[in-house]
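K.L.:
Following this message is one structure expressed as structure tokens.
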Amino acid sequence: MADKFRNDRISELLADREKINQALAKAVQDALLKHKQAGNPVAIWRDGKVVWIPPEEILVEKHKP
């Protein structure tokens, strides 16, 4: 019975695409902020190539509470 409840709950959470997108966007911003604060570059894909972005050029959006 507990497994069915858990599976139902997981299905319910995965059905909310907006919440998933918000969580992923927040996770990306958190990771970018940590890289910037630590002085580490990040790699991105741009025009078919991997490009390294130095920490001083990393753009981080402010979170809405």
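The values are calculated or read from the model by the stated rules, or taken from the named source; none is laboratory data. Every value quoted in this text rests on a predicted model; they were computed, and no experiment measured them. Every residue, glycine as well, gets a Cβ built from its backbone with ideal geometry; the counts of neighbours run over all protein chains shown.
Residue by residue, here is whether (1) among the β-branched types (Val, Ile, Thr); (2) surrounded by 10 or more Cβ atoms within 10 Å (Cβ to Cβ); (3) under 12 Å from the mean Cα position of the chain (by Cα) holds:
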position	(1), (2), (3)
Asn7	no, yes, no
Glu12	no, no, no
Ile20	yes, yes, yes
Leu24	no, yes, yes
Val28	yes, yes, yes
Ala31	no, yes, yes
Ala38	no, no, no
Ile44	yes, yes, no
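K.L.:
Residue check, Lys26 against (1) in contact with a His (Cβ under 9 Å, 6 or more places away or on another chain); (2) modelled with pLDDT under 90, all met but one. Which one?
P.N.:
That leaves (2) as the condition not met.
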